[in-house]
Amino acid sequence: MAGLPRLRSLWRNLAHRDRVDRDLDDEVRGMFDLLVEEKRRSGLTPEQARRAAALEMGQVDVTKARVRDARAGAFVDGVQQDARYGARVLRRNPIFAITAALSLAIGIGATTTIFTVANGLLLRAAPGVAEPNRLVDIVPTMKGHFGLIFTTYGIYLDVRERITTLQDVYAYELEPKPVSLRAPRAASRDGAEGAERVFSGSVTLNYFEALGVPAAAGRVFGAADGEQPGAASLVVLSHDYWVRRFNSDPSVVGRPLQINGQPFVVAGVAREGFRGMSVAAPEVWIPVAADAAQLMTGGRLKPGVSRAQAAAELNAIGRGLARENPNRFGELEWGVAFSSPLPAVVRGVAVAFIGLLMALVAMVLVIACANVAGVLLARATARRREIAVRVTLGAGRARLVRQLLTETALLFVIGGIAGVALARGMTSLLLAALPAFPVPVNLFLPLDGRVLAFAGGLSLVAAVLSGMTPALHASRADVISALKDESQGPSDRLRLRNAFVVAQVAFSILLVVAAGLLGRALGRVTTLEQGFDAQGVDVAAIDLSMAGYTDDTGRVFAREFVERLRRLPGIESATLADRVPGGPLQMEATLRRRGDPSAAGSTESLPAEPPPVPWSANLVEPGYFKTLRIPLVAGRDFNAGDRRGTQPVAIVDESTARRLWPGQEAVGRFLPSVPGRVSAQDPAPRVVVGVARDVAQSGGATKTPALVIYAPLQQVYGPRLTVLARTRQGQRMAREIRALVTAMNPNLPILAAHTLEERQTGPVVVQLRVAALVSGTVGLVGLLLASIGIYGVTAYAIGQRTREIGIRMTLGAQRAEVGWLVLRQGMSLVGIGAAIGLLLASAAGRVLARLLFGLPPLDPVTFGGATLLFAAVGLAACYVPIRRATRISPMEALRYE
Amino acid sequence: MGRDRATLLQGTLDLLILKALAAGELHGLGVSRRIEQITHGTFVVQPGSLFPALHRLEEAGWLTSTWEASENNRRAKYYLLTKAGRKQLGEETAQWNRIAVAIARALEA
């Protein structure tokens, strides 16, 4: 009915408060003048008239207040009043306000940071696409299988032809492949000759159209390029690569390029900001090959279609396909998940990891809230008189609670805003803490509406949670005793504060232990007990197949390359290997024994089906052990005589030797047959010629360490190789290595060049580093907050017990005894909190143990260290209160009231 | 304030203000005097009740106001019934009459 005028006046009241108030003043004064006039006319003297008028007007201020209360927006007014009052109270206690707001900012900031990461990786589609909310990933799963399941090009076509609930079904290869790219002299920016390594993503021809990604120059792939995959030898450049390599030169469109020696033509450049659909960002896109088998598929929901409907149709299609072709579609089940830079198939691991981080930072927020709640409680006690006075003057309980909550909310608004600002900084810090990845990374972590809503909601929930108890407590003030200023507050309030401090200590010791465990694990992975010397070793990755080397020519090239490399000045030793120690361990297969000619008759004594053992092979050129300074404990290194056609040989590590031939000499034994590339190329059983010291296996999460064997590259060939060169003075030789590669074959790109120390960036190490960084930081913050809490509660308790202490001292108590009293009070809280925290930590340690590389969940160093640390912090926090207590003058204390 | 006055029934103040303004625009004191006059002095509205009610009715859209020169040549805020206000007056009058009849019958019974 009268909605509109009310809204209008609400707006006027709030936006033009000054004018509205001035008008009211004028109106009331105008009435007063009229009244005076009226009284004058009835024959009173001016003085009498004024007095009569004033009498009739009543209390003008009350009238005005009542008008304000009647106005629209009176509630808002009240809140503003509360906020103003709250701000004044906070300004009067700057230390309290700053500490509380700061700890909240840290808690909210840390939580928001992790949420920003989760949001960027899991909750929003990759940037640069049109209508991201309708994009979905198509996820095939198989019962009992936890790894990635990819689709093939054939399956993609089958699905795409049949599906009706999705439009624009597209596919791409999840992992961009390093390729060698040669641009003609004129096309490249610096005119540099020679191949360059770029990461290429294979995509279906409708990829860009399906995602709604336009071209920044030239054009993107289109249906016109033909349905036949690989038919069009076109390449689309990413905007970043176009800028970096071609200096944003539009004339690059239509130019020829060579990719792995094959001719391609530049079709165009994709829109700025689009870096592919996953976290691994390709620099160029080429059409997918028809035999592609590692495809991720996705599509766009048709309007009005839900994910469940699409999944149901996919499953129906899958069953139909399985009937037609049981081999290919056996037990696949199909799901549909919203699209995000971490494709649905790999999301599980990331969710678990981010969940762990979130749990860590949420603890900081809990500690911060407990801290603020504790301080608020103490202040509520201090303000009992004020509150009692207000109750006496007629303030309702709801109004009082609102007032106190507004004060808290104000703190949380400040904390929340500072927290979001902090989250910005911490997000970039987190990104900076990540090591250089071998593949360009597509990480877009914006502070979007969702993140802000999260931070806002979190602040609100935290404010209510930590403000409600103190506010309710304060408003329940016992008016009589408060006005009489009895120094002894209700004891349940003190108990509550103690509980908050115990909780703080428990959670922060949990954080510190988690940080310690993760840090120890990280140290173990990166520096300790690696078993080789990573210092001063340059690493370069090459893939001989990119320059067209075959099985035969590749071996010759490898041998010549190593020999020329060794002759370079400054090189102490050099070799080639297809695995880098400390890098991710790839399991070849499981091992089955076969007849061992050196131990006749042993075959029969073995169980028919021995438990499968994971194993890993490294193909190396001679000099591998010398270059990495891995000692050979028996036998010899490979040499020039170990080549194709001679007796197949192998070197095993010590623990492999121990496990295969316990208590016996390994050198001279024949290696059991191993499925996979080593045995496939073996004409005869492989004989062990040497035993090397163990090298730490990363990814140590597996229960059984893998059996490790080394085979000569000349006997078992692999095209993807790593150059390892130990330099004499630890200088970088990357340029010389590159020059040598280019001199020997200009089509062979260096895929990656760094030092072996930098190499240690496997996903496990990255996760550990991030987790250790996060938990270390939050552990420290938690520690600080907890010590403030201990200090606060102890100091407060001393204040409460001043009289008691005074009496004790009058009766002859020594200072030491008083100090002991205070110490016991503070440290008993620390003790209880620490005990609870250590219990929680031992449970958490068991969960973390999966990550911890053989570190026991109850690592004595970490647990002992954390306990000592907290004892020290507790003592430090008690120091000032103890000093204060022992300086109490009995006379003053007794006069205190 | 010595005069004996009937306390205003809840809700009657609004009705009286609307009625007072039915004859034409008035300022605050005018409304007060007019109510006194039409109720033959039974109701005297204090400023502390009058102003909140006037502002509430204005915000409800039943009154509008203008600033004009008053009889003593000062600025005064004059209130005027709106169309919605006139309708509201009709409805409240009808409602009041129903209640008055019902109460009268109840008291006679």
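The values are calculated or read from the model by the stated rules, or taken from the named source; none is laboratory data. Quick caveat: nothing in here was measured; it's all calculated off a predicted structure. Glycine also receives a Cβ, built like all others from the backbone with ideal geometry; neighbour counts cover every protein chain displayed. Areas reflect the complete protein model, heavy atoms only, side chains present, ligands, DNA and RNA absent. Shrake-Rupley method; radii C 1.70, N 1.55, O 1.52, S 1.80 Å.
Would segment A:124-135 turn up any residue that is within 34 Å of the chain's Cα centre (by Cα), open to solvent by less than 60 Å² (accessible area, probe 1.4 Å) and polar (S, T, N, Q)?
Within segment A:124-135, the first condition is being within 34 Å of the chain's Cα centre (by Cα), and the residues that meet it are A:124-135.
Next, only the ones that are open to solvent by less than 60 Å² (accessible area, probe 1.4 Å) stay: A:124-130, A:132, A:134-135.
Restricting the remaining residues to those that are polar (S, T, N, Q) gives none.
Taking every residue of segment A:124-135 in turn, none turns out to be within 34 Å of the chain's Cα centre (by Cα), open to solvent by less than 60 Å² (accessible area, probe 1.4 Å) and polar (S, T, N, Q).
So how many residues does segment B:32-46 have that are part of a helix (DSSP H, G or I), open to solvent by less than 20 Å² (accessible area, probe 1.4 Å) and more than 10 Å from every other protein chain (Cβ to nearest Cβ)? Before you say what the answer is, go through the steps one by one.
Of all residues in segment B:32-46, those part of a helix (DSSP H, G or I) come to B:32-38.
Now drop any that are not open to solvent by less than 20 Å² (accessible area, probe 1.4 Å), which leaves B:32, B:35.
Among the residues that remain, those that are also more than 10 Å from every other protein chain (Cβ to nearest Cβ) are: B:35.
Residues that pass the stated criteria total 1.
Only one of A:I798, A:I832, A:I807, A:I836 is farther than 30 Å from A:S775 by Cα and either modelled with pLDDT of 80 or more or among the basic types (K, R) (or both). Can you tell me which?
Details: A:I798 fails: either modelled with pLDDT of 80 or more or among the basic types (K, R) (or both); A:I832 fails: farther than 30 Å from A:S775 by Cα; A:I836 fails: farther than 30 Å from A:S775 by Cα.
Residue meeting the stated conditions: A:I807.
Quick check: is even one residue across segment A:74-84 away from chain B (no Cβ under 14 Å) and crowded, with 19+ Cβ neighbours inside 10 Å?
yes
Can you name every residue in segment A:541-561 that is under 15 Å from A:P622 (Cβ atoms) and surrounded by 19 or more Cβ atoms within 10 Å (Cβ to Cβ)?
A:R555, A:A558, A:F561
Just to check your reading of the model, which residue among A:R66, A:R71, A:R84, A:R88 is closer than 30 Å to A:L410 by Cα, in contact (Cβ under 8 Å) with a residue 24 or more places away in the chain and of a type in the set (K, R)? Don't jump to the end; show me each part of the working.
On the way: A:R66 fails: in contact (Cβ under 8 Å) with a residue 24 or more places away in the chain; A:R84 fails: in contact (Cβ under 8 Å) with a residue 24 or more places away in the chain; A:R88 fails: in contact (Cβ under 8 Å) with a residue 24 or more places away in the chain.
The conditions single out A:R71.
State whether one or more residues within segment A:344-352 are surrounded by 19 or more Cβ atoms within 10 Å (Cβ to Cβ), closer than 23 Å to A:F208 by Cα and in contact with a helix residue (DSSP H, G or I) (Cβ under 8 Å, 6 or more places away or on another chain).
no
Does segment B:80-95 hold any residues that are exposed (fewer than 15 other Cβ atoms within 10 Å of the Cβ) and either within 10 Å of chain A (Cβ to nearest Cβ) or not in a strand (DSSP E or B) (or both), and which are they?
Within segment B:80-95, the first condition is being exposed (fewer than 15 other Cβ atoms within 10 Å of the Cβ), and the residues that meet it are B:80, B:83, B:86-87, B:90-91, B:93-95.
Hits for segment B:80-95 are B:K83, B:R86, B:K87, B:G90, B:E91, B:T93, B:A94, B:Q95.
Has segment A:518-538 got at least one residue that is in a helix (DSSP H, G or I) and either at pLDDT 85 or above or open to solvent by less than 10 Å² (accessible area, probe 1.4 Å) (or both)? Full working, then the answer.
Filtering segment A:518-538 for residues in a helix (DSSP H, G or I) gives A:518-526.
Narrowing further to those that are either at pLDDT 85 or above or open to solvent by less than 10 Å² (accessible area, probe 1.4 Å) (or both): A:518, A:521.
Yes, that holds for at least one residue.
Do we find a residue being touching a residue at least 60 places away in the same chain (Cβ under 8 Å), more than 22 Å from A:D61 (Cβ to Cβ) and not β-branched (V, I, T) anywhere in segment B:28-37?
Let us first name the residues in segment B:28-37 that are touching a residue at least 60 places away in the same chain (Cβ under 8 Å), namely none.
No, there is no match, as no residue in segment B:28-37 is touching a residue at least 60 places away in the same chain (Cβ under 8 Å), more than 22 Å from A:D61 (Cβ to Cβ) and not β-branched (V, I, T).
Select from segment B:20-31 the residues that are within 11 Å of chain A (Cβ to nearest Cβ) and of a type outside the set (A, V, I, L, M) and write down the one among them that is nearest to A:F32 (Cα to Cα).
Quick first cut of segment B:20-31, residues within 11 Å of chain A (Cβ to nearest Cβ) only: B:27-31.
Still in the list and also of a type outside the set (A, V, I, L, M): B:27-28, B:30.
On the way: B:H27: 12, B:G28: 10, B:G30: 12 Å.
Restricting to residues being within 11 Å of chain A (Cβ to nearest Cβ) and of a type outside the set (A, V, I, L, M), the top hit is B:G28.
Here are the criteria: (1) open to solvent by 10 Å² or more (accessible area, probe 1.4 Å); (2) at pLDDT 85 or above. Tell me which single one A:P94 does not satisfy.
For A:P94, the failing item is (2).
Quick one: in segment A:34-56, which of the residues that are facing another protein chain (nearest Cβ under 7 Å) and crowded, with 18+ Cβ neighbours inside 10 Å is farthest from B:H27 (Cα to Cα)?
A:L35
Does any residue of segment A:272-287 turn out to be part of a helix (DSSP H, G or I) and not aliphatic (A, V, I, L, M)?
Initial filter on segment A:272-287 (part of a helix (DSSP H, G or I)): none.
Within segment A:272-287, none of the residues are part of a helix (DSSP H, G or I) and not aliphatic (A, V, I, L, M).
Do you know which residues across segment B:50-79 are under 14 Å from the mean Cα position of the chain (by Cα) and within 8 Å of chain A (Cβ to nearest Cβ)?
Residues satisfying the conditions are B:F51, B:P52, B:A53, B:H55, B:R56, B:E58, B:W62.
Mind telling me which of the residues A:N93, A:N119 ends up being in contact with an Asp or Glu (Cβ under 8 Å, 6 or more places away or on another chain) and more than 14 Å from every other protein chain (Cβ to nearest Cβ)? If you could, list the steps in order and put the result at the bottom.
Values: A:N93 fails: in contact with an Asp or Glu (Cβ under 8 Å, 6 or more places away or on another chain).
After ruling out the rest, the residue left standing is A:N119.
Could you list, in sequence order, all residues of segment A:861-879 that are under 19 Å from A:V793 (Cα atoms), surrounded by 14 or more Cβ atoms within 10 Å (Cβ to Cβ) and not aromatic (F, W, Y)?
Initial filter on segment A:861-879 (under 19 Å from A:V793 (Cα atoms)): A:870-879.
Pick out the ones that are also surrounded by 14 or more Cβ atoms within 10 Å (Cβ to Cβ) and you get A:870-871, A:873-875, A:877-879.
Passing the criteria: A:A871, A:V873, A:G874, A:L875, A:A877, A:C878.
Out of all the residues in segment A:91-121, which are of a type in the set (A, V, I, L, M) and without any contact (Cβ under 8 Å) to a residue 24 or more places away in the chain?
Just the residues of segment A:91-121 that are of a type in the set (A, V, I, L, M), to begin with: A:95, A:97-98, A:100-102, A:104-106, A:108, A:110, A:114, A:117-118, A:121.
A:I95, A:I98, listed by residue number.
When the residues of segment A:25-62 are narrowed to those that are in contact (Cβ under 8 Å) with a residue 24 or more places away in the chain and out of contact with any Ser or Thr (no Cβ under 9 Å at 6 or more places or on another chain), which ends up farthest from B:V45 (Cα to Cα)?
Result: A:D25.
Looking at (1) open to solvent by less than 40 Å² (accessible area, probe 1.4 Å); (2) more than 7 Å from chain B (Cβ to nearest Cβ); (3) modelled with pLDDT of 80 or more, can you tell me which one A:N13 breaks?
Checking A:N13 against (1) open to solvent by less than 40 Å² (accessible area, probe 1.4 Å); (2) more than 7 Å from chain B (Cβ to nearest Cβ); (3) modelled with pLDDT of 80 or more, the one that fails is (3).
If a residue must be of a type in the set (G, A, S), touching a residue at least 24 places away in the same chain (Cβ under 8 Å) and over 25 Å from A:G120 (Cα atoms), how many such residues does segment A:279-308 contain?
Count: 4.
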